[in-house]
1. Within segment 82-106, work out how many residues are over 20 Å from the mean Cα position of the chain (by Cα), touching a residue at least 24 places away in the same chain (Cβ under 8 Å) and farther than 27 Å from PRO173 by Cα.
2. Can you tell me which residue is modelled with the highest pLDDT among those in segment 91-112 that are surrounded by fewer than 18 Cβ atoms within 10 Å (Cβ to Cβ), within 18 Å of GLN60 (Cβ to Cβ) and not hydroxyl-bearing (Ser, Thr, Tyr)?
3. Would you say LEU168 is at pLDDT 75 or above and more than 20 Å from ILE112 (Cα to Cα)?
4. Return yes when LEU133 is surrounded by 17 or more Cβ atoms within 10 Å (Cβ to Cβ), modelled with pLDDT of 90 or more and in a helix (DSSP H, G or I) and no when it is not.
5. Can you work out which of the residues in segment 287-299 that are buried (at least 21 other Cβ atoms within 10 Å of the Cβ) and touching a residue at least 60 places away in the same chain (Cβ under 8 Å) is farthest from the chain's Cα centre (by Cα)?
Amino acid sequence: MNSLARQTSDSLLHHPGYLHLASSRVLTALATQAMTIAVGWMIYDLTHSAFALGFVGFCQFLPRFFLTLVVGQVADRFDRRMIVFLCQTVQALVALCIVLAIWEGWVTSAVIFAAVTLLGAATAFQQPTSTALLPNVVPASLLQQAVATSTSLQQAAFIIGPAAGGLLYGLSPAAPFLVAVVLMAVACIHILCIRIERRVAPREPVTLTSVFAGVAFVRSRPIILGAISLDLFAVLLGGATALMPIFASDILHAGPWGLGFLRAAPAVGALGMAILLARRPLRTNVGKRMMMACAVFGIATIGFSLSSSILLSVACLAVLGAADTVSVVVRSSLVQLLTPDEMRGRVNAVNSLFIGTSNQLGEFESGLLAGLLGPVATGVIGGLGTLVVVVLWFRLFPELAKVKTLEG
């Protein structure tokens, strides 16, 4: 058994194209996480405003919202390698512009908001396209292992990236962005080295029906709709982690390095849970377990919001990340299993919109509410809201709660 597993792993790691794609995604994640830390600290340093922190998320959400239908069509019709390459090039150029702005001394909140909007537009194309690209570079027999391995590598990047971003920002505000430029450039090289082994089949002509096909498909599948909407509202309401710069600066008094470790903590929990699920996959009552994981997410959010100890805060965030991973694994598997290949680009675009809404719009909601009530009250209310959503979804989507297994 161990020999067979080792042989399968070796065949994946030595498979043409996969290492380049995995390397590109990890480098992109490292760069993005480092920039996220730097942007959050820079905005709060300039404005000392919770609303401004939330508005960063809103600027990332807007392009994702308006581009979703376009992204799905593009990902299903054009060379996915070139789409990802162009997106990474745009991100590298934006990071370089921020570096120049810092050196020249004309960084303002408006400049940062504009840069974040451009980064959001590039990410809106990159994420669903990269997801749809993976089945084109590995055979079907290795797809599940490729997804699990890529997820683990990205979680490692989510741990290293925030910590590195915080430490680099402590050295110089321009350092995280300069490093991001280099990482994105190397990621672009890896993407260009990919050779497509499984060509995407020709698609039907562009019509109004085909444009909205992804939305219609999700609406017609209660299990998929319930899974991605549960994640949307749970994270949207429990988005107090967007206020980490405030907690790190004003409540925990930890500085940029502390913010980096707070940002990394959810990824530590997520990586641990990913390893556990790889060794012991969910085999029974996966729908109920996903819902219960969302409830744990809400409880951990409340604990983080009430904590005045950085150790306790890190622990709560690690639990939050582990719970979120359970939800992500179930949701992603259901979308993959119930979506035909010819629609994966459009359905992944819709799923990406839901994810972006929960993350970026959740940051905006948290920033707006924190400006009125303060960060602690905002986090507690958000966590309680997540628990209410879980109870409602048990009643609104009984099909999701009844899902027993992800096998077959």
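The values are calculated or read from the model by the stated rules, or taken from the named source; none is laboratory data. From a predicted model like this one, the values you see are computed outputs, not experimental measurements. Virtual Cβ from ideal backbone geometry, glycine too; neighbours counted across all protein chains shown.
1. So the count comes out to 0.
2. LEU93
3. Spelling it out, it is not the case that LEU168 is at pLDDT 75 or above and more than 20 Å from ILE112 (Cα to Cα).
4. Taking the combined requirement at face value, the residue does not satisfy it.
5. GLY287
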